[in-house]
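Rule-based calculations on the coordinates, nothing more; no lab input. These figures come from a predicted structure and were not determined experimentally. Neighbour counts run over all protein chains shown; Cβ positions are idealised from the backbone, glycine included.
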Amino acid sequence: MQLFVDNLTNLDFSYLHPTRGVVGETWLASVVLDGALDEQGMVCDFGIVKKMLREWLDNEIDHRLLVPTQASALTISSPADRASLSWPISSKGTLSTDCPEQAIARVTAESITPESVGQWAITQLQPLFPQSVNKLSLTFTPETITTPFYHYSHGLKKHGGNCQRIAHGHRSKIEIWRNGELSLADMSAWADLWADIYIGTEEDVVSTQGEHTAFVYTAQQGEFSLKLPSACVYMIDTDTTVEFIAQHIADTLKQQHPADSFTVKAYEGLAKGAIASS
């Protein structure tokens with residue numbers, strides 16, 4: 001017998017990629033449990049399954065930087081409950097970060113894909129389920145998006161929760177209306193500009209050495225630092241909440257086209273975000 005839960009939860013995180021760099025991502029998680037029926041006529045109680053899986057996924061993947069520990073290019077160390085790593089990004093340069101251990105997920109894989117993360121997660125989750133569950137299948141899928149979108153990473157140092165982590169992110173739609181009409185041209189331009197981008201706050205920059213930009217800040221969970229190729233960075237003069245991001249896009253478009261009016265619907269992952277006008 002199989003028990004399934006489709007679209008159990010969605011996860012917002014970033015991961016390391018050898019050519020794209022740090023990639024913001026959003027996945028939907030679905031699960032199938034194989035097993036025998038217990039005395040209640042169930043493989044496993046739905047309430048237990050959903051609570052256990054959501055808690056684990058939220059704690060171990062959501063709002064973390066996923067690191068493929070079997071990748072030969074990775075250099076990583078763990079000084080005193082912290083993670084310090086270096087990651088080359090093809091011809092662009094090198095990414096390095098030092099952060100609390102809880103801000104990353106060490107995925108036992110050579111690369112980060114829905115399949116590799118699913119297999120890694122299953123090995124962690126299987127022992128948590130009752131003996132009646134013989135097999136666990138976990139799948140991650142991105143949202144189906146037919147209009148322009150981008151992958152962005154950021155960190156919110158003032159946030160009280162896990163958004164304070166310096167390298168987490170989202171796969172996000174962008175919708176822009178120019179003079180009341182949906183503008184695919186404007187949407188595509190921003191999607192291209194922000195493909196695999198890190199959106200940084202100017203006050204967090206500590207150096208721009210050569211072709212790299214370095215950020216440092218202290219938040220409730222500890223001290224965070226990140227250095228990455230400047231070609232992977234887009235700077236704004238505010239914090240990088242989705243509210244400020246939406247307003248930045250609207251204001252930038254207005255500066256470029258003062259005779260036009262704009263409404264921007266900026267998503268932060270799946271089915272949430274902010275709307276700004278200019």
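List of remarks:
- In order through region 61-67: 3J(HN,Hα) via Karplus (6.51 cos²θ - 1.76 cosθ + 1.60), integer Hz, x for Gly, Pro: 10, 4, 6, 10, 9, 7, 10
- Ranking of MET187, MET52 by count of other Cβ atoms within 10 Å, fewest first: MET52, MET187
- Here the 3J(HN,Hα) profile of region 162-170, calculated from phi with Karplus coefficients 6.51, -1.76 and 1.60 at θ = phi - 60°, is 6, 5, 5, 5, 6, 9, 10, x, 8 Hz, Gly and Pro shown as x.
- Overall shape: oblate for region 208-251, with the ratio a/c of the largest to smallest alpha carbon gyration tensor axis at 1.5 or above and b/c at least equal to a/b.
- Cβ-based charge dipole, the chain, positive-most Cα from VAL264, LEU193, LEU85: LEU85
- A cut-off under 15 angstrom between Cβ atoms defines the neighbours of PHE262, and their net charge, with Lys, Arg +1 and Asp, Glu -1, is -2.
- Packing, as the average of other Cβ atoms within 10 Å across residues, places the peptides 155-161, 264-270 in the order 264-270, 155-161, highest first.
- Distant-in-sequence amide contacts of PHE262, defined by a placed amide H-H separation under 5 Å and a gap of 5 or more residues or a different chain, comprise ASN179, SER278.
- Debye log10 I(q)/I(0) at q = 0.07, 0.14, 0.15, 0.17 Å⁻¹ for the chain, Cα point scatterers: -0.29, -1.01, -1.11, -1.32
- Cα-Cα over 26 Å, subset of LYS135/LYS272; LYS92/LYS272; LYS157/LYS265; LYS227/LYS254; LYS158/LYS227; LYS50/LYS265: LYS135/LYS272; LYS92/LYS272; LYS227/LYS254; LYS50/LYS265
- Highest GNM mean-square fluctuation among THR213, THR141, THR252, for the chain modelled with Cα contacts below 10 Å: THR252.
- GNM top mover of VAL205, VAL32, VAL117 - the chain, alpha-carbon springs below 10 Å: VAL32
- Top of ASP12, ASP237, ASP98 by mean-square fluctuation, Gaussian network on the chain, Cα under 10 Å: ASP237
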